[in-house]
1. With +1 assigned to the C-beta of every Lys and Arg and -1 to the C-beta of every Asp and Glu, and no other charges, what is the dipole magnitude of region 1-118 about the Cα centre in debye, to the nearest 20?
2. Helix 165-178 versus the longest principal axis of the chain: what is the Cα-based angle in degrees, 0 to 90, to the nearest 10?
3. Taking every alpha carbon pair in the chain, what does the distance histogram look like in 10 angstrom bins from 0, in percent?
4. For helix 120-141, what angle does its Cα long axis make with the longest principal axis of the chain, in degrees from 0 to 90 and rounded to 10?
5. Using Cα pairs closer than 8 Å and at least 6 residues apart in sequence, work out the relative contact order for the chain, in percent.
6. Once the other residues with Cβ under 13 Å from the Cβ of LEU46 are scored (Lys, Arg +1; Asp, Glu -1), what is the net sum?
7. Using only the alpha-carbon atoms, how far is helix 80-90 inclined from the longest principal axis of the chain? Give it as 0 to 90 degrees, nearest 10.
8. How far is it, in nm, from the label point at VAL190 to the one at TRP101 when both lie 7 Å from their Cα along the line to the Cβ?
Amino acid sequence: MAAPQALGVQALKTVIAFVRREWGPLYATLRRALVTKKWRAIPMTLGAVCLTALFQLVQNQSWGFGLVRNLGFVKAEDPLRVALLRTPLSLFVPALDLPVWGALAQVLLVFGIAEICLGRWRTLVIAYVSTLAGTTYARIGVSLDPESLFGLPASDAVVVDTGPSAAVVGLAVFVCWRYRAWCTAALVAVLMVGEVLFKNNLAGKEHLAAIAAVLAVCGLSALRRRWRLRRQRLRTGSRSGAPPIRS
């Protein structure tokens, strides 16, 4: 009995250590913000939830569908200028074929975590980059051979491309990278690849495009941080009279 019990205790300790390493810093940041500020910690997220709900309400009215279409409906066949103007609002327009509660839950949970961990403006930038990457991929994909790896059928050019899903995926990956939650980031990527393998549609491939764009942003951020640290070390070395650091 002692050996199985010891193995169980060791397994539990391993799981706890993994959880602390994977989500400990992220949890500490969220808890501190929510305990001290409560709902005041996520004003932008609450505004985004309200905007998404408002778009859902308006687009289901006979008088409002055309208005929402002109403001936030994006299709690959649209002129580039029109698509770029509509893209920022398109991520707050719920997809017509999906339940609105899913979009609201995604925005509240993922945007809320990102707003606390990244800040308001960085969250909006990452969300926009992710959505724009998906929209841009759709335009490129329909111009390629539909039988190729990155090609899309011509019918996808008229698909209404709205909703926060690409932004949610991009934000999830960026927050995981920022807080070194590597396994969670890998899990998100694997799930998105699985989505494409089992349901090869426009949305799934746009999610992969969003991940690729965010990984590029992560790489640029890492290089920028390394360059800044290098400059600080060189500056510190020159002030102290020490010889410059050679790489």
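No lab work stands behind these numbers, since they all come straight from the coordinates. It should be emphasised that the depicted structure is a prediction, and the values quoted were computed from it without experimental measurement. Please note: Cβ atoms are built from the backbone with ideal geometry, for glycine as well, and neighbour counts cover all protein chains shown.
1. Numbers: 12 positive and 5 negative charges, 110 e Å.
Dipole magnitude for region 1-118 comes out near 520 debye.
2. With both axes taken from Cα atoms, the answer is about 10 degrees.
3. P(r) for the chain, in whole percents per bin: 7, 25, 29, 20, 12, 6, 2, 0.
4. Long axis of 120-141 versus the principal axis of the chain: about 50 degrees.
5. About 20 percent, as a whole number.
6. Net charge in that neighbourhood comes out at +3.
7. The two axes meet at around 70 degrees.
8. 2.9 nm
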